[in-house]
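A.B. asks: Before anything else, here's the structure in question.
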Amino acid sequence: MKPIVNREACIGCGLCEGADDTVFKVIDGKSEVQYQDAEGNMIVFEDHRDTIEKAIRECPVTAISWEGSEEAEGASEEGLSADPTVEPMAGLDQEDMQEAA
Ligand code: SF4
């Protein structure tokens, strides 16, 4: 399991980097999940579970989640398209307009 950052939502506040500056780095105003530490070793995210959880809790825009979690799936679906349950305004006909008046 690994953490993922929703870059659309991230505001670059740096709280996640403050919680774990090995896993999270704010680059060009957006947090990025790192896969290697400063020495070039692969990061084992399980070893950072507590600090990653802290970052998830502290992120003010809930942009961080565990890959595969419900939050992550919801976040990716949200970005896809407009709500399909919303009727388009063009569907109104003359009768509807009279009822509304
Ligand atoms: S805490 Fe959230 S908003 Fe702040 S830099 Fe990290 S991912 Fe972005």
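The values are calculated or read from the model by the stated rules, or taken from the named source; none is laboratory data. Since we're looking at a predicted model, the values are computed, not measured. A quick note on method: Cβ atoms are made from the backbone with ideal geometry, for glycine too, and the neighbour counts reach across all protein chains shown.
Conditions (1) farther than 21 Å from residue 68 by Cα; (2) in contact with a Gly (Cβ under 6 Å, 6 or more places away or on another chain); (3) in contact (Cβ under 8 Å) with a residue 12 or more places away in the chain, marked per residue:
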| site | (1), (2), (3) |
| --- | --- |
| 3 | no, no, yes |
| 11 | yes, no, yes |
| 22 | yes, no, yes |
| 29 | yes, yes, yes |
| 33 | no, no, yes |
| 38 | yes, no, yes |
| 44 | no, no, no |
| 55 | no, no, yes |
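A.B. asks: Could you list, in sequence order, all residues of the stretch 17-33 that are more than 15 Å from the chain's Cα centre (by Cα), closer than 9 Å to residue 55 by Cβ and either assigned to a strand (DSSP E or B) or among the hydrophobic types (A, V, I, L, M, F, W, C) (or both)?
C.D. replies: Selection gives 19, 23.
Residue by residue, here is whether (1) at pLDDT below 95; (2) loosely packed, with under 11 Cβ neighbours inside 10 Å holds:
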residue	(1), (2)
29	no, no
32	no, no
43	no, no
48	no, no
65	no, no
71	yes, no
78	yes, no
95	yes, yes
